[in-house]
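Written out below as structure tokens is the structure these notes cover.
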Amino acid sequence: MAETGNAGQDGSVPFNIAVIGGGIIGLHVALGLIKRNIPVVIYERASELKEIGAGLGFTETATQCMQALNPSVAGALGKVGIATTGSLRWINGFAQEDIRLREKGTAFDFELSTGKKDGFPGCHRGQFLNELVSLVPPDLIKLGKRIASIEQNSKDEKLVLKFSDGTEALADAVIGCDGVKSRVRQIVLGEDNPASYPHYSHQSAYRALIEMDEALAALGHLPSGQLMYLGPRAHINTYPVGRGKFMNFVAFIQDKNDWPDNENLTAPASKADVVEAFSKFGPAVRAMIDLLPDQLDRWAIFDTLDHPLPSFSYDRVCLAGDAAHATSPHHGAGACVGVEDALVLATVLKKAGNDLISGDNSISKSAALSAAFKTYDSICRERGQWLVESSRYMAELFQGSVPDVGDDFDKFKEQVRERSHKVWFFDWKDMVRRAADDYDARVRA
Ligand SMILES: Cc1cc2nc3c(=O)[nH]c(=O)nc-3n(C[C@H](O)[C@H](O)[C@H](O)COP(=O)(O)OP(=O)(O)OC[C@H]3O[C@@H](n4cnc5c(N)ncnc54)[C@H](O)[C@@H]3O)c2cc1C
């Protein structure tokens with residue numbers, strides 16, 4: 001049976017970790033552990049590691065966490081980073097005023113700045129993933145390994161990981177980074193538990209890339225920067241991509257119905273659906289919808305809000321990234337918070353390793369690992385689940401559906417500012433300190 005990493009050799013800690021899933025967060029977790037000389041292997045179900053071509057933006061907090069996790073991760077983002085924006089802008093898309101006629105630089109009703117010119121370092125997902133993969137020694141990534149079950153024979157023995165190709169591997173602890181439809185989540189919570197699955201947020205997204213020349217001709221200067229168009233039960237976000245060659249278009253539309261197929265989160269859709277949802281919006285929005293191709297894809301937004309996880313940690317198994325807190329994209333920060341997860345996990349596992357090497361606290365391996373994961377849960381769950389909740393709230397704000405806010409624009413601004421600042425300006429150093437203290441208190445107790 002395969003063994004995960006070389007626990008206890010070359011001065012490394014005397015345990016080994018299996019990371020399930022080689023997405024953005026699985027790679028962050030693994031690179032944090034590698035940096036701390038903690039043996040780790042990534043098991044990924046796909047036959048190659050790849051990401052879709054879309055963009056990904058990070059907060060400054062996330063990039064600082066990357067630096068603390070493993071400076072090579074921050075370096076990887078620096079290598080493929082693309083210039084984005086330092087602020088976000090919103091405009092009433094429902095007003096019948098032709099906002100195209102506003103002077104350039106004034107076509108927004110609210111702007112929230114990060115205080116930095118490049119406040120959201122961005123990247124092409126695929127390029128960033130490739131850079132991260134290049135930092136992991138190839139023998140630490142096992143492809144074609146779809147996790148099926150995790151078994152524990154006794155408290156102190158290694159966990160047995162069983163894959164759907166019939167192979168097995170051993171590890172002292174497992175970190176499930178297997179995304180929104182996490183199998184590890186089902187394994188720890190049980191297949192009958194509704195919290196094992198993500199649920200439909202009753203919002204679906206229609207996405208398109210529109211040639212920038214065409215967009216500028218129809219919409220004047222509006223597409224030259226990021227802009228979110230607000231309105232009842234639907235909103236649109238646009239921003240330039242591909243070095244300004246395209247306008248990225250995403251429309252979010254409320255949907256009272258259930259999603260028909262929980263296995264398949266995309267469905268073919270037509271322009272007519274979008275035309276209908278925005279038919280009463282202002283002339284600029286309607287002109288934008290006119291630019292859409294006749295056939296579109298519709299993406300169901302699933303998250304973990306309706307049935308949040310009772311814990312991110314289950315003895316020597318834990319969940320991180322979307323597996324722990326799958327969120328709708330209205331804060332644009334699901335991966336950012338996953339990077340925070342990775343930093344806390346690296347911090348507490350390093351402490352557990354040091355304890356076991358030094359013999360301090362006379363603690364067993366399984367107790368140290370279990371304490372590390374309990375600390376991770378106590379430090380990261382509240383923020384991860386807040387993000388999921390707040391992200392849904394943001395969509396309701398953008399679509400005028402929050403009863404206490406309605407169309408009171410001052411209240412809207414207050415909520416957007418407060419919630420965005422909570423995501424953007426997070427005291428991650430304090431998070432790391434709290435994690436270290438919590439772990440120490442647990443093992444001494
Ligand atoms: C439209 C949209 C825009 C977004 N924009 C942003 C943004 O700008 N900034 C931001 O911070 N976040 C953003 N997010 C959120 C971000 O994309 C996710 O939070 C992030 O990609 C999650 O990474 P992950 O590694 O946890 O999961 P994933 O990327 O889903 O990776 C999971 C990995 O696990 C593997 N896997 C699955 N099942 C198994 C199994 N049984 N066995 C083994 N391997 C398995 C998968 O193949 C995959 O490689 C956005 C999300 C959406 C939908």
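The values are calculated or read from the model by the stated rules, or taken from the named source; none is laboratory data. All values reported here derive from a predicted model rather than from experimental measurement. Methodologically, a virtual Cβ is constructed for each residue, glycine included, from the backbone with ideal geometry; neighbour enumeration extends over all protein chains shown.
Considering (1) in contact (Cβ under 8 Å) with a residue 12 or more places away in the chain; (2) at negative phi, the lone condition that ASP360 does not fulfil carries the number (1).
Only a single item in (1) modelled with pLDDT of 95 or more; (2) touching a strand residue (DSSP E or B) at 6+ places or on another chain (Cβ under 8 Å); (3) within 12 Å of the ligand (Cβ to nearest atom); (4) part of a loop (DSSP other than H, G, I, E, B) is not met by VAL29, and it is number (4). Those strands (runs of 3 or more DSSP E) of region 161-228 in which at least 1 residues are hydrophobic (A, V, I, L, M, F, W, C) and surrounded by fewer than 20 Cβ atoms within 10 Å (Cβ to Cβ), considering only elements entirely within it, cover 168-171, 199-211.
Has region 133-140 got at least one residue that is touching a helix residue (DSSP H, G or I) at 6+ places or on another chain (Cβ under 8 Å), assigned to a helix (DSSP H, G or I) and either within 12 Å of the ligand (Cβ to nearest atom) or within 21 Å of VAL285 (Cβ to Cβ) (or both)? For region 133-140, residues touching a helix residue (DSSP H, G or I) at 6+ places or on another chain (Cβ under 8 Å), assigned to a helix (DSSP H, G or I) and either within 12 Å of the ligand (Cβ to nearest atom) or within 21 Å of VAL285 (Cβ to Cβ) (or both): present. All conditions in (1) assigned by TED's automatic domain parsing to the domain that holds CYS318; (2) of a type in the set (Gly, Ala, Ser); (3) within 15 Å of the ligand (Cβ to nearest atom) hold for GLY190, with the sole exception of (3).
Selection of strands (runs of 3 or more DSSP E) fully inside region 246-362 by the criterion of at least 1 residues being surrounded by fewer than 19 Cβ atoms within 10 Å (Cβ to Cβ) and away from the ligand (no atom under 16 Å from the Cβ) returns 246-254, 266-270, 295-303.
Note on region 377-404: among residues that are surrounded by fewer than 19 Cβ atoms within 10 Å (Cβ to Cβ) and hydrophobic (A, V, I, L, M, F, W, C), the one that is nearest to the chain's Cα centre (by Cα) is TRP386. Six or more apart or on different chains, Cβ under 6 Å: which pairs go from a residue in region 166-186 that's more than 19 Å from SER311 (Cβ to Cβ) to one that's more than 12 Å from the ligand (Cβ to nearest atom) and β-branched (Val, Ile, Thr)? Could you list them? Taking only residues 6 or more apart or on different chains, the pairs are GLU168/VAL160; ALA169/THR4; ALA171/THR4.
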